[in-house]
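Data first, discussion second: the structure below is written as structure tokens.
The values are calculated or read from the model by the stated rules, or taken from the named source; none is laboratory data. It should be emphasised that the depicted structure is a prediction, and the values quoted were computed from it without experimental measurement. Positions of Cβ are generated from backbone atoms using ideal geometry, with glycine treated the same way; all protein chains shown enter the neighbour counts.
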């Protein structure tokens, strides 16, 4: 199965190379490399879900790196990481608002799920790449204790 999202990344990389946008070329080529490694590991070509997973992981890593850079007083490096997050975020679906995630949690709870593990198990596939897992965990805890 071919991935249209993967094709978008490859096309964006070609455009970035033509425009000589070094940061964009670096970010996109490293992301495509991670994707190729995952394809080899899985033994199948990437579908859009696999691409979203790689993009989400890359965004999360860069956000964490930016936080560490800021904590270490390296604002210029943190800005570079944030720029990379912006580039990668272009290829992800729009993020969910906290209220949307909270309503999903309440919906799952209405189906009779009232324990942390099963609730997170049903929630995470729905919010993958669109909402941070730590914040989702906090919302689930709040809703379970309410």
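General observations
- Selection of region 97-146 for residues being touching a helix residue (DSSP H, G or I) at 6+ places or on another chain (Cβ under 9 Å) and on the phi > 0 side of the Ramachandran plot yields only 129.
- Tally of residues being part of a helix (DSSP H, G or I) and under 29 Å from residue 119 (Cα atoms) across region 86-107: 12
Residue by residue, here is whether (1) at pLDDT 90 or above; (2) in contact with a helix residue (DSSP H, G or I) (Cβ under 6 Å, 6 or more places away or on another chain); (3) surrounded by fewer than 13 Cβ atoms within 10 Å (Cβ to Cβ) holds:
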| site | (1), (2), (3) |
| --- | --- |
| 5 | no, yes, no |
| 21 | yes, no, no |
| 26 | yes, no, no |
| 40 | yes, no, yes |
| 56 | no, no, no |
| 65 | yes, yes, no |
| 71 | yes, no, yes |
| 92 | no, yes, no |
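- Selection count, region 94-125, where residues are surrounded by fewer than 16 Cβ atoms within 10 Å (Cβ to Cβ), within 21 Å of residue 50 (Cβ to Cβ) and in contact (Cβ under 8 Å) with a residue 24 or more places away in the chain: 2
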